[in-house]
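Remarks on the structure that follows.
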Amino acid sequence: MKIRNIVLASVIAVAGAGAFAQAKEQFFPVLSGRTGPVAPNATPWANGHNDYMKLVNARGGINGVKTLVEECETAYATDRGVECYERLKGKHGGATVFQPLSTGITFALTEKVPGDKIPLITSGYGRSDSADGGVFKWNFPLIGHYWVAGDVVLKHIGNKLGGMDKLKGKKIGVGYHDSPFGKELLPILQERAAQYGFTLLPLPIAAPGVEQKSTWLQVRQQQPDFMILQTWGVMTGTAVKEAQAVGYPREKMFGTWWSGAEPDLQDVGAGAKGYSAVMMQHGAERQSDVVKEILEKVHAKGEGTGPKDEVGSVLYMRGVLGALLAVEGVRAAQERFGKGKVMTGEQARWGYENLNLTQAKLDALGFKGVMRPVSTSCFDHMGAAWARIHTWDGSKFVWSSDWLEADEQVIKPMVKASADKYAAEKKLTRRSGADCQS
Amino acid sequence: MFYRENGQFKTSYRADQQIFPIAQDRWAVLAMLAFGFIAVPFLFDEYMFRAILIPFVILALAALGVNILVGYCGQISLGSGAFMAVGAYAAYNTYVRIDGMPLIVALLAGGVFATLVGVFFGIPSLRVKGLYLAVATLAAQFFCDWAFLRIAWFTNNSTSGSVSVSNLKVFGWAIDSPIQKYLFCLTFLVVFGLMAKNLVRSAVGREWMAIRDMDVAAAVIGIRPMYAKLTAFAVSSFIVGVAGGLWGFVHLGSWEPAAFSVDRSFQLLFMVIIGGMGSIMGSFFGAAFIVVLPIFLNQFLPAVGDLIGVPISTAFVSHAELMIFGALIVWFLIVEPHGLARLWSIGKQKLRLWPFPH
């Protein structure tokens, strides 16, 4: 009798503890790209994301709720990404948010997330028109998208020339990844080309991009005044090497957000000196408080996900920022739906839509100097359009511009027009004001 | 013992010409159909449907199409991915540009356009053979990749080149849930499977096989090579085109040309080779092997790691998956060069003789 009671009691205790642990974990799935053509770039992203999640737990979780991470490898392939999404979406009590880190996967998941009620954060990639929350209820291209990056590059080039009107008559080449990822950049450049009177020279590069001889021969032939690169993974490093081979000055080459990180240029070293790229919000931030904290609370305990020397690098920081945005959305949702509770995907969506990261909050989290305030709303799912340019000095990146803001007056109507076209194709109606409260 | 046709007498031509002349086979196939249509929807969860069963059913249909061309007519094609793309994009354009277009008609229209493209790219097969034809059909692949990436009209002028469809309906019945999607695709597979099986038993099917076995001899006995080869291209690309439409519409929902890249062509060819050339059953085995095995390995390896207490990183799993998969392909081709379908028929033969093999 006694033994039976003990057994029963312990079973209940274990079950209770299990249920308790279950109830107090917020699940953040990771679609990683640790293999395949983008492995050098996607690996630090995943490491940064996971390290920040560990840091959140070391700090005591999200109001006591611990974060839980599980990876699934996509190798940047869309069909594997969809399989991973299906695999992870229901695990551990349901996924909070997905960050696919691939435009192809984003396009496929955009069709699936409204049915599953899981938000999608695509900071800096994915569909640019999904910044329009009136049509894309579940997509969040937080802190910028391709059109923001493209506009900022042009602005930087204009500043270098001494005014946007000096762009008139110039020829700008665009080397882009020949996929939806690369093509998404073109509309903003075409819009601006019509406005300022420069000509565009579109140069598609077939994925994965290790063979670009013909593209750069064309560059040598046509001699564009500037080159903009919308490349990702091994494609960027190859482009810079080919530019060196045909003698195209690296000072005239500008990468977008995905085309300017250490793994791209390390092998080229001094040969890439002068190459610049847009950074939405952060760059390499080895001196920031959050990096020091990660080193101290995660890596010093031997719990770091990746090698220690990549902590604070550009793509690592992008993973950290991705995790920060994912976590802060949940924190915002908890303010409304109950502090210290696990949020469902639907509740977290409200959090991402009502995100208000002030400078004070960011400073407290250790992001002083890393990023600027972000605030989203029902119709603005992007939150901020600020960026800076950094330039490779032969061994590392240094800032070469002040904060620049993309011109919302130009981008907003483009986003709206494109979102309306999507809504018309899908026979969706715009969300009403009442729906914003849900 | 388990599997004997003793005592089953065929008393009419009709009985003699059935698809499955042996009663056990008939019952087994009917049981499998009943299992697929009735039991499967109750057995599996959403993940199983979306990630494994639907891709398996659609790719089995595509493999069936490729098997007609490669396995039955002996024309090696590396353009299957392109024909899938034609099917998908033609179905998309028919569906989006014509208001009120029924889904099934749009998918079949995709098949019709794939047939036209398939026959066009099949014309070189009248002059070039074997590996040279494989290279010639590769042209179809590159041409279609180029066309769907570059010609904005095909993608309804979408800025990114990615297209999507939604709100699929058949006779007012929405195809939303994974089970509905699965049943929709399975119906296509069964109908086309039945048609293909009958086709390869018919006069034209025997012409294909004659051409495959020796085209000069076939021509001598009065088989027109042009007719035989082009019909094989037509039938094959029609089925592959419909599979492409299903892949885009039902499985992905939103796709870009990369979904039908040259990798897809190779994948389909491997399905046919591993499954068994010149066998309808082989197409199903091949599709199952290529679709299910990588996903199985991807989930099985970490589970094994957990069991023995060694955490396995995602990158390692991914590499190991490719290595084991490759090794298994080599192993299967050495052990049974005629594909998994041959193993199946050997198994049946053994069951017949058991327990007294001679």
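Just a few scattered comments:
- Test: residue in region B:228-241 that is under 20 Å from residue B:113 (Cβ atoms) and within 14 Å of another protein chain (Cβ to nearest Cβ): no
- The single condition among (1) polar (S, T, N, Q); (2) surrounded by fewer than 17 Cβ atoms within 10 Å (Cβ to Cβ); (3) in contact with a helix residue (DSSP H, G or I) (Cβ under 7 Å, 6 or more places away or on another chain) that residue B:313 does not meet is (3).
- Listed by position, the helices (runs of 4 or more DSSP H) contained in region A:90-192 that have at least 2 residues being in contact with a Pro (Cβ under 7 Å, 6 or more places away or on another chain), within 25 Å of residue A:417 (Cβ to Cβ) and within 11 Å of another protein chain (Cβ to nearest Cβ) are A:103-110.
- Residue within region B:129-145 that is away from every other protein chain (no Cβ under 13 Å) and not in a helix (DSSP H, G or I) present: yes
- Candidates A:80, A:59, A:87 - the one that is away from chain B (no Cβ under 12 Å), of a type in the set (D, E, K, R), over 14 Å from the mean Cα position of the chain (by Cα) and at negative phi: A:59
- Residues of region A:54-77 classified as surrounded by fewer than 24 Cβ atoms within 10 Å (Cβ to Cβ) and within 30 Å of residue B:320 (Cα to Cα), total: 9
- Identity of the residue in region B:286-310, over 25 Å from the mean Cα position of the chain (by Cα), within 14 Å of chain A (Cβ to nearest Cβ) and not small (Gly, Ala, Ser), that ends up surrounded by the fewest Cβ atoms within 10 Å (Cβ to Cβ): B:306
- The helices (runs of 4 or more DSSP H) found wholly in region B:189-266 and carrying at least 1 residues that are within 30 Å of residue A:180 (Cβ to Cβ) and within 16 Å of the chain's Cα centre (by Cα) occupy B:225-246.
- Qualifying residue in region B:156-172 (condition: within 14 Å of chain A (Cβ to nearest Cβ), over 30 Å from residue B:223 (Cα atoms) and in a helix (DSSP H, G or I)): no
- Restricting A:336, A:318 to those that are among the basic types (Lys, Arg), farther than 20 Å from residue A:288 by Cβ and either under 16 Å from the mean Cα position of the chain (by Cα) or outside any loop (DSSP other than H, G, I, E, B) (or both) reduces the list to A:336.
- Any hit, region B:26-48, residues being touching a helix residue (DSSP H, G or I) at 6+ places or on another chain (Cβ under 8 Å) and assigned to a loop (DSSP other than H, G, I, E, B): yes
- Search result, residues across region A:112-164 that are surrounded by fewer than 24 Cβ atoms within 10 Å (Cβ to Cβ) and of a type in the set (S, T, N, Q): A:159
- None of A:336, A:349 is at negative phi, out of contact with any Pro (no Cβ under 9 Å at 6 or more places or on another chain) and not hydrophobic (A, V, I, L, M, F, W, C) except A:336.
- Close pairs from region B:320-345: first under 21 Å from residue B:266 (Cβ atoms), partner basic (Lys, Arg), Cβ under 8 Å, at least 6 apart: B:336/B:342
- Selection within region B:214-251 - of a type in the set (D, E, K, R) and touching a helix residue (DSSP H, G or I) at 6+ places or on another chain (Cβ under 7 Å): B:215, B:229
- For first residues located in region B:165-193 and over 21 Å from residue B:89 (Cα atoms), partners that are of a type in the set (Ser, Thr, Tyr) and part of a helix (DSSP H, G or I) and lie 6+ apart or on another chain with Cβ distances below 9 Å form the pairs B:178/B:47; B:193/B:283.
- Any chance residue B:152 is within 30 Å of residue B:73 (Cβ to Cβ) and either away from chain A (no Cβ under 14 Å) or more than 23 Å from the chain's Cα centre (by Cα) (or both): no
- Residue count for region A:89-118, restricted to those that are of a type in the set (Gly, Ala, Ser), modelled with pLDDT under 90 and closer than 25 Å to residue A:38 by Cα: 3.
- Just so you know, in region B:35-71 the residues that are of a type in the set (Val, Ile, Thr) and within 19 Å of residue B:268 (Cβ to Cβ) include one that is nearest to the other protein chains (Cβ to nearest Cβ), and it is B:52.
- Sole exception among (1) modelled with pLDDT of 90 or more; (2) at negative phi for residue A:234, by number: (1)
- Once region A:253-298 is narrowed to residues that are among the polar types (S, T, N, Q) and over 14 Å from residue A:233 (Cα atoms), the residue that is surrounded by the fewest Cβ atoms within 10 Å (Cβ to Cβ) is A:287.
- Residue A:14 assigned to a helix (DSSP H, G or I) and modelled with pLDDT of 90 or more: no
Table: residues versus (1) crowded, with 24+ Cβ neighbours inside 10 Å; (2) in contact (Cβ under 8 Å) with a residue 12 or more places away in the chain.
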| position | (1), (2) |
| --- | --- |
| B:14 | no, no |
| B:30 | no, no |
| B:33 | no, yes |
| B:43 | no, no |
| B:59 | yes, yes |
| B:76 | no, yes |
| B:80 | yes, yes |
| B:84 | yes, yes |
| B:94 | no, yes |
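The values are calculated or read from the model by the stated rules, or taken from the named source; none is laboratory data. None of these values were measured; they are calculated from a predicted model. FYI the Cβ positions are ideal-geometry reconstructions off the backbone, even for glycines, and counts take in every protein chain you see.
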